[in-house]
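First the structure, in the form of structure tokens, and then the observations on it.
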Amino acid sequence: MNFPLPSLVAVSAANPWTYVLFAVIGFAFGYTLEMSGFGDSRKLAAQFYFTEMTVLKVMFTAIVVAMVLLFGAAGLGILDFSQVWVNPTYLASGILGGLIMGVGFIVGGFCPTTSLASASTGKIDGMFFMLGGFVGAYLFGETEQYFTNWYNNAGYYGRLTLDQVFHLPIGAVVVLVILMALFMFWGAEQLERIFGKKDLSKEPKLRPVGAAILVAMGLAVFFIGSPSLESKYNKVKFTRTESVPQLNGDPVVNTIVYTADEMLANRLVFITPAEAFKAKYNQSMNPVYLDVRSEADYNLYHIEGSVNVPLDRINEVIPVLLTEPPANSVFIVMSNDEAAAVKAWKILVGSSIQNSYILEGGVNNWIAFFGKDDKTLRPNPNAGEDQLGYLFPAALGSRYDSCSPNPQEYETLEFEAKIILQLKRDKSGGGCG
Amino acid sequence: MTTQTRKSIFRRPEKAYVHPYIGGIVLGIILFLAFFLTGNGLGSSGATARIDAAVVDAVSPSHVDNNPYLLKMAGGDKNPFDDWIVPVFFGALFGGFSSGFFNGRLKFMTTKGPNISNQTRWLMSFLGGVIFLYGARMARGCTSGQALSGGATLSAGSWAVMLAIFAGAYATAYFVRKSWL
């Protein structure tokens, strides 16, 4: 099995158990917060006067434990990390919003979830905080329009994780975060001793053991490393249905599960220029044309609206492809012929980018189909494999007629539809958003 | 403690809170399981916004139609409650209540510093809630959705949010010390 389970990533009326599961997760969450003392605003506020550092201890213990388990499971290949929601980075609104939250925290004495634990156990101040929360969230909804551009664009980096920021392997970041947390716990206890007059000799003696276990687990994550792109690629499965006509009666519909290599071998991911073109006018999908050729070839000729991402730089755009696109994005990769596009497709599929397809025969085939009447484009007899098969009078980019075929002229095009839209959850629904 | 148990189930003997590190380990395992099974972390402020959107949608649907931010959650055929965060929110309310129930902490009271009246504390709580949720919506997540969940997945933006929360609170603490000390 591949975790997270695709049937559980979102609540759906079709599967009422999803509501139960999320309610159980929420229950455990609320229960733990209350039993840790977060229903009492004094315990929360004490964090900011150094008398009691419970907030920091609980929060960072939870973060490092969850982190080490998450990246351990991802390293062992049980968990597909690319399907795990990672809050996209909006630096400007995140930092300003965070500062505002900090003010609200110390003024009100709670954060949203702890106010739930507080209000539900009868604390009147917790109830007032909850009420105020509804007002605050409402006010944001009413005022967002005045700074929507800033809110949605300032300091936007997409799905960005700390290993990418510091150019370190993810396992190294895990170990460093654990060491930092342990140092903070030590510091927090010293502060409690000084400001809170706390007797540290009454603290559990097993703390160093716990710390040692954490460090050992962190080192294990480091040495396991991340699963290779190849191993992730080999695990991807595609489901296709095939209807077999029967002599008498309804056709039988078979469901076949293919590996990625079988999809290539059966040419199920190769779409004709006609289908790639028509995708633009299909309301149900949002095609993204990824041109993986060199910049020189791209400048000579490219399909209108295609994005140039040379094959050796495709890894750079994967985080963006993973976070931002709407659920119905279809990625159509193309090279001059197919070789480079197939390589790019394998990287996309290994990175869990859904709805990836290859332009059959590449740009050459596109020109052969849409540009056959363009006399300025002459076939190049000397073109090698996966090279441009035409000679161009000038590097006009997408200004040849065939780069943006006339939709009226090509109103009716016959093709065998290969694109089967696989809808993933709407990413905007993730996280607290 | 036997004298306290006689009245009703709501008068269970009050138990001590668990040790912070134990609470943290349990919370970490829950957070991991949430990610592992569903790909989503924990959160709650999103539900507050969604409940707001549902109320606005019920009171004035045309207002939703004129507000792009609310339109992402409500309006048309969209049900603002159709999101995982909503059952998590109500689950957390019930979970907090249950822990209070089993540990003898169900009690109408106001938690506050010694030098502040109940009424002032309520006002401050309310104000804090307004400010916090405004910031939480701006940062696209609160202490749970950003700091906790994003912290565990090592999201760069979430770590920035987390540091900003602590910075904002420490910077303000001196000015509201009368509430707590």
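Read-outs: derived from the displayed coordinates by stated rules, not from any lab. Because the structure is predicted, anything quoted here is derived from the model rather than measured. Using ideal geometry, Cβ is built from the backbone for each residue, glycine included, and neighbour counts are taken over all protein chains shown.
Using modelled backbone amide H atoms (1.01 Å from N, in-plane), which distant-in-sequence or interchain residues come within less than 5 Å of residue A:404's amide H?
For residue A:404, whose amide H was placed from the backbone, the distant partners under 5 Å are A:304.
Would you please name the trypsin sites (Lys or Arg not before Pro) within region A:376-424 that are DSSP coil residues with at most 12 other C-beta atoms within 10 Å of their C-beta?
Those that pass, being in a loop and sparsely packed, are A:399.
What is the extension gain from residue A:176 to residue A:412, computed as 0.36 nm multiplied by their sequence separation minus the C-alpha to C-alpha distance, in nm to one decimal?
Computed gain between residue A:176 and residue A:412 is 79.0 nm.
Along the Cα→Cβ direction, 7 angstrom out, place labels at residue B:58 and residue A:91. What is the inter-label distance in nm?
4.3
Report the charge-dipole magnitude of region A:6-228 in Debye, nearest 20, computed about the Cα centre from +1 at each Lys and Arg Cβ and -1 at each Asp and Glu Cβ. Working shown, then result.
Numbers: 11 positive and 12 negative charges, 104 e Å.
That gives a dipole near 500 debye.
Semi-axes, largest first, in whole Å: what does sqrt of 5 times each Cα gyration tensor eigenvalue give for region A:235-429?
Largest first, region A:235-429 gives 29, 21, 16 Å.
Label point 7 Å out from residue A:304 along Cα-to-Cβ: which residues of region A:378-409 have amide N under 13 Å?
Of the residues in region A:378-409, A:398-409 have backbone N under 13 Å from the label point off residue A:304.
Given points 7 Å out from each Cα along the Cα-Cβ axis, report the residue A:50 to residue A:391 separation in nanometres with one decimal.
Result for the modelled spin labels: 7.9 nm.
Using just the Cα positions, wrap region B:111-181 in a convex hull and report its mean projected area in square nanometres, one decimal place.
Working: hull surface 20.2 nm².
With every direction weighted equally, the projected area is 5.0 nm².
Within 10 Å of each candidate Cβ there may be at most 16 other Cβ atoms; applying that plus a DSSP loop requirement, which chymotrypsin sites (Phe, Trp or Tyr not before Pro) in region A:1-95 survive?
A:50
Rounded to two decimals, what ratio of Rg to Rh does the protein assembly as shown give with C-alpha atoms and a Kirkwood Rh?
Rg/Rh: 1.04.
Got a sec to turn the phi values of region B:19-30 into Karplus ³J(HN,Hα) couplings, 6.51 cos²θ - 1.76 cosθ + 1.60 with θ = phi - 60°, whole Hz, x for Gly and Pro?
Calculated HN-Hα couplings, in order: 5, x, 5, 5, x, x, 5, 4, 4, x, 5, 4 Hz.
Pull up the DSSP beta bridges for region A:235-429 and report the antiparallel fraction as a percent, rounded to 5.
If I count the DSSP bridges inside region A:235-429, around 45 percent turn out antiparallel.
Once amide H atoms are placed 1.01 Å from N in the peptide plane, what residues at a sequence separation of 5 or more from residue A:356, or on another chain, have their amide H within under 5 Å of its amide H?
A:331
How high is the FRET efficiency from residue A:143 to residue A:248, r the C-beta distance, R0 45 Å, rounded to 0.05?
On the way: r = 66 Å, r/R0 = 1.47.
About 0.10, to the nearest 0.05.
On full extension of the chain, what length is gained from residue A:257 through residue A:153, given 0.36 nm per residue of separation minus the C-alpha to C-alpha distance? All intermediate terms of the calculation are to be shown ahead of the outcome.
Values: separation 104, 0.36 × 104 = 37.44 nm, distance 4.02 nm.
Computed gain between residue A:257 and residue A:153 is 33.4 nm.
Within chain B, count lysine pairs with alpha carbon atoms under 19 angstrom apart where the residues are 8 or more positions apart or belong to different chains.
Details: B:7/B:15; B:7/B:107; B:15/B:107; B:112/B:178.
Lysine pairs meeting both conditions in chain B amount to 4.
Counting only other chains, what is the mean number of Cβ atoms within 10 angstrom of the Cβ of each residue in peptide A:253-262?
Whole-number average of other-chain Cβ neighbours for A:253-262 is 0.
If a helix is a whole DSSP H run, which ones in chain A reach 24 Å or further along their own axis (Cα) and hold a mean Kyte-Doolittle hydropathy of at least 0.0?
Span-like helices here: A:17-35, A:54-75, A:91-108, A:124-143, A:170-195, A:207-224.
Among A:419, A:74, A:284, whose Cα projects farthest towards the positive end of the dipole of chain A, with charges put on the beta-carbon of Lys, Arg (+1) and Asp, Glu (-1)?
Checking the options against the dipole of chain A, the answer is A:74.
Once Lys and Arg get +1 and Asp and Glu get -1 on their Cβ, which of A:92, A:11, A:178 lies farthest toward the positive end of the dipole of region A:6-228?
It is A:178, whose Cα lies furthest towards the positive end.
Suppose every K and R has +1 on its Cβ and every D and E has -1 on its Cβ; what is the size of the dipole of the protein assembly as shown about the Cα centre, in Debye to the nearest 20?
On the way: 46 positive and 45 negative charges, 728 e Å.
In debye, rounded to 20, the protein assembly as shown gives about 3500.
For the charge dipole of region A:6-228, defined by +1 on Lys and Arg C-beta atoms and -1 on Asp and Glu C-beta atoms about the Cα centroid, which residue among A:130, A:141, A:58 has the Cα displaced farthest towards the positive pole?
A:58
Using the crude model of +1 on Lys and Arg Cβ and -1 on Asp and Glu Cβ, and no other charge, please compute the dipole size for region A:184-307 relative to its Cα centre, in debye to 20.
I would put it at about 760 debye.
Modelling each spin label as a point 7 Å along the Cα-to-Cβ direction, I'd like the residue A:399/residue B:19 distance in nm, to one decimal.
7.4
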